[in-house]
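FYI, it's all coordinate maths here, none of it is from the lab. All values reported here derive from a predicted model rather than from experimental measurement. Heads up, the Cβs are rebuilt from the backbone with ideal geometry, glycines too, and the neighbour counts pull from every protein chain shown.
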């Protein structure tokens, strides 16, 4: 509830800042200039909103806004210095970005496909009872089925989704044109 009021307060604060110069958008208004880089009101607002989202007890006071702005300025100064030293062109940096990009791309694909598959998954009462009975045979004390039904159904649903994702990946692999030069790979 506090977070809701805080967010509403932040929105009104930003709207009042925007209404000061109605002819400009938040992304056009410059809050600070760091060397040749302009830091816009829109960028500051996004960072402040993220701070509020990350910490629900966070109070977005004028002092806190100043601290966030100072963090953004320091971050930009460090980025500019790293670029001046051409660290953004070093091989280890480029490889790290590639790994991050690939990981993020794969994660997003898996989430999308997982959501798609989840819509097709059905868990029957017979499946729930079978898992319950199997667990009951292994454990001496077990809560009643009614207390465990949702947890068992969730576990069955996740297991089915995992199996479907594995099958989907296997199918992609089968359909892909892959050539392996084993002689080169295992050459010693």
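A viscosity of 0.890 mPa s and a temperature of 25 °C, combined with the Kirkwood radius over C-alpha pairs in the Stokes-Einstein formula, give region 39-135 a diffusion coefficient of 133 µm²/s.
Note on residue 90/residue 151: beta-carbon distance plugged into 1/(1 + (r/R0)^6) with R0 of 41 Å gives a FRET efficiency of 0.25.
Between residue 116 and residue 62, what's the calculated FRET efficiency when r is the beta-carbon distance and R0 is 41 Å? Round to 0.05.
Working: r = 46 Å, r/R0 = 1.12.
It comes out at approximately 0.35.
Taking only alpha carbon atoms, region 121-185 gives an Rg to Rh ratio of 1.30, where Rh is the Kirkwood radius. Taking label positions 7 Å along the Cα-Cβ direction at both residue 98 and residue 142, the computed distance is 5.0 nm, reported to one decimal.
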